[in-house]
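**Student:** Below you will find the structure I want to go over with you.
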Amino acid sequence: MKMSTTKRLERLTERYMNGGMDRRTFLGLAAAAAAAAGVGLRWSPQALAAVTEVRFDGWGGVVQEAIDKYAFQPYTAKTGIKVTQGTFGDESEIITKVKTATPGEFQVIHSSGVEYYKRYVDGGFNSEINEANIPNIKFVMQAMIDPFLKITPKLSGVPYDYGTTGLAYNTTVISEAEAKEKGAALLVDPKYQGKIGGYGDMVTRVWYGALASGQNPNDIKDIDAVWAKVRENRDLVKKYWSSGAELMDLLAKGEIVVTDAWSGRVAALQQQGHPIGYLDPPGSYAWMEDMLILKGSPMTECEELVNFMLDPATAIAVAEGQNYPPSLDPNKVKLTEKIAKLPAFDPTGTMKSLTFADPNYWASNLDAWTKQWDRISKGG
């Protein structure tokens, strides 16, 4: 049956809004379809307006400051396209907002972890990027790209940096020898009651509950033992922090002497001269962040921005500024001595030394574990 012009235009529009083609191709095909049918088109302002800005949401603090200084400001100077920025402390916050937003309202997300990528995909928020518009993707470690391709055959984002959530400790109170001996058990050590911190999200609490109970976080056999350790930790903590800035403040002021912590934020504290040590105990939680482009975004402009960010000169400057290693393959790009000294840096480009969350395993337990963590965090 012959497709009507209306239906053809509807499908073209849907494909364009889902990121399946760029704006120029969309307008050209739509105009051709209308001309063939002898009809005129009245475009909405959104369809015809030139893109003058791209929306970005990230983690704030020193991380976003580095991205803004070394990537966004030069990008705007070069292209004239402004990057409008938002921040979040917990990525679950932004996922909740995306669920209720109009497609295209949120565009580029500095997303953390393959398991979060799966949550966007499961919600139907992912796009399909045109890798031809991101030629600098050739510099990215294949070992970082492959886990995303296992979830979607076409990428919706490009890996940008990585790090670990290890243990940070005040070296004037806790020695390196004690930290190595006790590892994750430091977070449930009554000796430091009221001086322990932690990231207040389910994934980190379950992950370290698993390590403290001697289990593999990607294959937990006794979840009750994990929850017991989570409760022990809860009863000992001074405060669960909710952002990197808050983590740094608690450590810098000495309000806490040990906490699970983001490697890059600890590196920043060390560079500022604070007596903070860092340890990745066996099985420490590793994550790789990506620049995720959501469905409904102006794809060509977002791809251009991501490609600019992946330029080795830009990516290296951002990495040094935010203290997280870039996704650039050290076998393809010569990285700096500062980057080589960052916590979690993998000089091999294989990522085999790091432990990442199994996205399918964690997705299958997400709802039940989140509900239980919410109960425990409230005193249950």
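**Student:** What is the ratio of the Cα radius of gyration of the stretch 223-380 to 2.2 N^0.38 Å, with N the residue count, to two decimals?
**Tutor:** On the way: Rg = 18.6 Å, N = 158, 2.2 N^0.38 = 15.1 Å.
For the stretch 223-380, the normalised Cα radius of gyration comes out at 1.23.
**Student:** For the chain, calculate the relative contact order in percent as a whole number, restricting contacts to Cα pairs under 8 Å that are 6 or more residues apart. Could you put the intermediate results ahead of the total?
**Tutor:** Numbers: 620 pairs, mean separation 101.9, N = 380.
After rounding, I find 27 percent.
**Student:** Ok, one more. Taking the simple approach of a point 7 Å from Cα along Cα-to-Cβ for both residue 79 and residue 65, what is their distance in nm?
**Tutor:** Distance between label points: 2.5 nm.
**Student:** Karplus couplings for the stretch 157-169 from phi (6.51 cos²θ - 1.76 cosθ + 1.60, θ = phi - 60°), rounded to Hz, Gly and Pro as x?
**Tutor:** Per residue, the Karplus-derived 3J(HN,Hα) values read x, 10, x, 10, 7, 8, x, 9, 9, x, 10, 9, 9 Hz.
**Student:** Then there's this: If I stretch the segment between residue 53 and residue 332 completely, what's the gain in nm (0.36 nm per residue apart, minus their alpha carbon distance), one decimal? Write down the numbers at each step before the final one.
**Tutor:** Details: separation 279, 0.36 × 279 = 100.44 nm, distance 3.20 nm.
This chain segment gains 97.2 nm when fully extended.
**Student:** Next question. Please state the shape class of the stretch 185-275: rounded when a/c is under 1.5, otherwise prolate if a/b exceeds b/c and oblate if not, all from the C-alpha gyration tensor.
**Tutor:** Numbers: a/c = 2.36, a/b = 1.73, b/c = 1.37.
Prolate, since a/c reaches 1.5 and a/b exceeds b/c.
**Student:** Percent antiparallel among DSSP beta bridges with both residues in the chain, to the nearest 5? Let's see the in-between values first.
**Tutor:** Details: 25 of 41 bridges.
Antiparallel bridges: around 60 percent, rounded to the nearest 5.
**Student:** Right, another one. Rounded, prolate or oblate: which fits the stretch 72-146 when a ≥ b ≥ c are the square roots of the eigenvalues of the alpha-carbon gyration tensor, with rounded for a/c under 1.5 and prolate only if a/b beats b/c? Write out the running numbers ahead of the final one.
**Tutor:** Values: a/c = 1.77, a/b = 1.14, b/c = 1.55.
Taking the square roots of the gyration eigenvalues as a ≥ b ≥ c, the stretch 72-146 is oblate.
**Student:** Using the Cα centre of the chain as the reference point, and only Cβ charges (+1 on K/R, -1 on D/E), how large is the resulting charge dipole? Debye, rounded to the nearest 20.
**Tutor:** On the way: 41 positive and 45 negative charges, 174 e Å.
I would put it at about 840 debye.
**Student:** Taking the Cα of residue 102, stepping 7 Å toward and past its beta carbon, and measuring to each backbone N in the stretch 57-88: which are under 19 Å?
**Tutor:** The answer is 57, 84-86.
**Student:** Sticking with this one: In the structure displayed, which of 182/371; 182/239; 180/229; 191/371; 99/150; 195/341 lie more than 25 Å apart, Cα to Cα? Mind dumping the intermediate values first?
**Tutor:** Working: 182/371 29 Å; 182/239 21 Å; 180/229 19 Å; 191/371 30 Å; 99/150 23 Å; 195/341 28 Å.
Going by Cα-Cα distance, 182/371; 191/371; 195/341 fall outside the 25 Å limit.
**Student:** Now for a different question. What fraction of the Cα pairs in the chain, stated in percent, has a spacing above 25 angstrom? Don't skip to the answer; put the middle values down first.
**Tutor:** On the way: 41482 of 72010 pairs.
Counting pairs separated by more than 25 Å, the tail of P(r) holds 58 percent.
**Student:** Okay, next question. How would you order 248-254, 167-173 from highest to lowest mean count of nearby Cβ atoms within 10 Å?
**Tutor:** Details: 248-254: 17.0, 167-173: 19.9.
Descending mean neighbour count gives 167-173, 248-254.
**Student:** Obtain the radius of gyration and the Kirkwood radius of the stretch 152-309 from its C-alpha atoms and give Rg over Rh.
**Tutor:** Values: Rg = 17.7 Å, Rh = 16.9 Å.
Reported Rg/Rh, Kirkwood definition of Rh: 1.05.
**Student:** Work from the charge dipole of the chain (Cβ charges, +1 for Lys and Arg, -1 for Asp and Glu, about the Cα centre) and give the residue of 185, 220, 144 farthest towards its positive end.
**Tutor:** Highest projection toward the positive end goes to 144.
**Student:** If you project the alpha carbons of the stretch 70-196 onto the principal axes, what extent comes out on each, in Å, largest first?
**Tutor:** Computed over the Cα atoms, the extents are 53, 34, 33 Å.
**Student:** Also: For the stretch 289-345, treating each Cα as an identical point scatterer without solvent, what Debye log10 I(q)/I(0) comes out at q = 0.13, 0.14, 0.18, 0.28 1/Å?
**Tutor:** -0.38, -0.43, -0.65, -1.14
**Student:** Enter the mean projected area of the convex hull around the alpha-carbon atoms of the stretch 120-172, in nm², rounded to one decimal.
**Tutor:** Values: hull surface 23.2 nm².
Over every viewing direction, the Cα hull of the stretch 120-172 projects on average to 5.8 nm².
**Student:** What ³J(HN,Hα) values, in whole Hz, does the Karplus curve 6.51 cos²θ - 1.76 cosθ + 1.60 give for the stretch 254-261 when θ = phi - 60°, with x put for Gly and Pro?
**Tutor:** Coupling constants for the stretch 254-261: x, 5, 10, 10, 8, 6, 5, 7 Hz.
**Student:** Shifting gears a bit: When you count, for each residue, the other Cβ atoms within 10 Å and take the mean per peptide, how do 154-163, 81-90, 52-61 rank with the highest first?
**Tutor:** Numbers: 154-163: 24.0, 81-90: 16.5, 52-61: 19.9.
Ranked from most to least packed, the peptides come out as 154-163, 52-61, 81-90.
**Student:** Given H placed on each backbone N at 1.01 Å, which residues far from residue 86 in sequence or on other chains put an amide H within less than 5 Å of it?
**Tutor:** 56, 57, 58
**Student:** Determine the gain in length on full extension of the stretch residue 348-residue 146; use 0.36 nm per residue of separation and subtract their C-alpha separation, reporting nm with one decimal.
**Tutor:** Numbers: separation 202, 0.36 × 202 = 72.72 nm, distance 1.60 nm.
Between residue 348 and residue 146, full extension yields 71.1 nm more.
**Student:** Give the long-range amide H neighbours of residue 295: residues separated by 5 or more places, or on another chain, with amide H under 5 Å away, using H modelled in the peptide plane at 1.01 Å from N.
**Tutor:** Under 5 Å from the amide H of residue 295 lie the amide H atoms of 126, 127, each far enough along the sequence or on another chain.
**Student:** Give or take rounding to whole Å, what are the principal axis extents of the alpha carbon atoms in the stretch 333-378, in descending order?
**Tutor:** 47, 24, 15
Rule-based calculations on the coordinates, nothing more; no lab input. Note that the structure is a prediction, hence the values are computed from the model and not measured. We place every Cβ from the backbone using ideal geometry, glycine too, and count neighbours over all the protein chains shown.
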